[in-house]
Amino acid sequence: MKKVVKFGGSSLANADQFKKVGNIIRSDEARRYVVPSAPGKRFGSDTKVTDMLYHCYETAVSGEDFSDQLDAIKERYQEIIDGLELNFSLDEDFETIRRNFSSHAGTDYAASRGEFLNGKIMAAYLEFDFVDAAEVIRFREDGSFDDETTDVLLSKALEEKESAVIPGFYGAKESGEVVTFSRGGSDITGSLVALAVRADIYENWTDVSGFLIADPRIVKNPKSIETITYKELRELSYMGASVLHEDAIFPVRKAGIPINIRNTNAPSDKGTLIVESTCRQPRYTITGIAGTDGFAAVTVEKAMMNSEVGFCRKVLQVFEDNGVSIEHMPSGIDTMSIFVHKDSFEEKEQKILADIHKTVQPDHIELESDLALIAIVGRGMKSTRGTAGRIFSALAHAHINVKMIDQGSSELNIIVGVRHEDFKGAIRALYEIFVLTQL
């Protein structure tokens, strides 16, 4: 059995955390391929190593002396090495970094060194082979990710290695220029490694015991999700739920490899299993609740709109021509409402309104801002009667007015729009009726 294990920055912030990780890996001989992040915060007011590298490189580019900043980064790593009692040195690597910073090797190169150095320590600590991600994660010359070449290079590099450490977050162009994924990209590296070695499972270790049914900043001590499908995860991630980088799903989904979100600080917790499909019945009707605010709604009214061929297309074309993405579009016989992100809409608001008037000659246009969208997601909703009724009942009981409701034909999710000031109260009310009362 093969397992790929990825550990986040909080799991590798200091030597004590490294030891926890080491114990986790050694407790299961199937955990043979390790993807580490850069050291995260050791305590609340601490600075992540990646941020330290960014600041250090900015100083280098400005022509100022960056020695003290680079030495501070080196001390962070030396603290880990000493705590692990390793006979190991990063002196040569830091000299190389110093030269490359001086020659302005690039922001991506600077950021990637956090994972690179942590990977070298991890390989020495576990006595695993070290594989530099720059040699096996390939980007094209235009900076786009090359998944096919990456799979070939990774598969070849790892096929004869019983165990290996591959740093997350970065890769390189064929020329050798380092390129990074967006923040959280170590999740993607772990997924790519899992695909390359045809792993049985991809374990993603972080500081939480999997996905929670609702945001713990809004709902006190929300329950965890035991099993979630990729489709459910996509719906929740789209609405702001974040434990796993969204792009990390696709490589393993294609190969049918499940992802297990686990907690480094509570390794006995089962965490959340992410799968293509499952016959396991969810504990509750819903799988999760997620939401985000900062939306605006543009409602276009015109008598006999439904009989005017192409009316909706013309309105939507106005938004496209102005470069504004549409989130949802509920409609009636003589009205259509377009939900957009407030930030992107505000800059072009008057131009869009003028273009709508010119294009479809509406009777009236109404604007409403400071709206929030909440997604209630769950495969169990399809086979449960009255889910929408319970949603409305919960919100009405909490004195919350619903501004919009949208349900796809898959019956996997229902999205409701509420005022910004009702956002948190709505999530609490929905959590209470679907999870706490279990009606």
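The values are calculated or read from the model by the stated rules, or taken from the named source; none is laboratory data. These numbers were taken from a predicted model, which means no experiment stands behind them. Accessible surface is based on the protein model in full, side chains and every heavy atom, while ligands, DNA and RNA are left aside. Shrake-Rupley method; radii C 1.70, N 1.55, O 1.52, S 1.80 Å.
Worth a mention:
- Share of carbon and sulfur in the accessible area of the chain stands at 46%, probe radius 1.4 Å.
- With θ taken as phi - 60° and the Karplus curve 6.51 cos²θ - 1.76 cosθ + 1.60 applied, the whole-hertz 3J(HN,Hα) list for the stretch 363-376 is 6, 7, 10, 10, 10, 9, 10, 6, 10, 10, 10, 10, 9, 9 Hz, x standing for glycine and proline.
- When the convex hull of its Cα atoms is projected in every direction, mean area for the stretch 311-363 (nm²): 3.5 nm²
- For the pair the stretch 182-257 and the stretch 74-94, the centres of their Cα atoms are 31 angstrom apart.
- Above-threshold pairs, the threshold being 26 Å between Cα atoms, out of Lys161/Lys270; Lys231/Lys314; Lys302/Lys342: Lys161/Lys270; Lys231/Lys314
- Cα-based equivalent ellipsoid, the chain: semi-axes from gyration tensor eigenvalues, Å: 44, 27, 20
- For the residue pairs Lys6/Lys74; Lys48/Lys173; Lys48/Lys348, alpha carbon separations beyond 29 Å are given by Lys48/Lys348.
- Cα centroid separation, the stretch 364-384 to the stretch 1-21 (Å): 38 Å
- Solvent-accessible area of Tyr238 with every protein chain in place, 1.4 Å probe, in Å² to the nearest 10: 110 Å²
- Built amide H within the under 5 Å cut-off of Thr227, gap 5+: Leu273
- The phi torsions of the stretch 158-173, fed into the Karplus equation with coefficients 6.51, -1.76 and 1.60 and a -60° offset, translate into couplings of 9, 4, 9, 9, 5, 8, 7, 10, 10, x, x, 5, 9, x, 7, 6 Hz, rounded to whole numbers, with Gly and Pro shown as x.
- Taking all Cα pairs closer than 8 Å and separated by 6 or more residues, the relative contact order of the chain comes to 13 percent.
- Listed residues Glu127, Glu411, Glu115, Glu177 arranged by accessible area, highest first, probe 1.4 Å: Glu127, Glu177, Glu411, Glu115
- All C-alpha pair distances within the stretch 1-130, sorted into 10 Å bins from zero, spread as 12, 44, 31, 11, 2, 0 percent across the bins.
- Ratio Rg/Rh, restricted to the stretch 136-223 and using Cα atoms, in which Rh is the Kirkwood radius: 1.09
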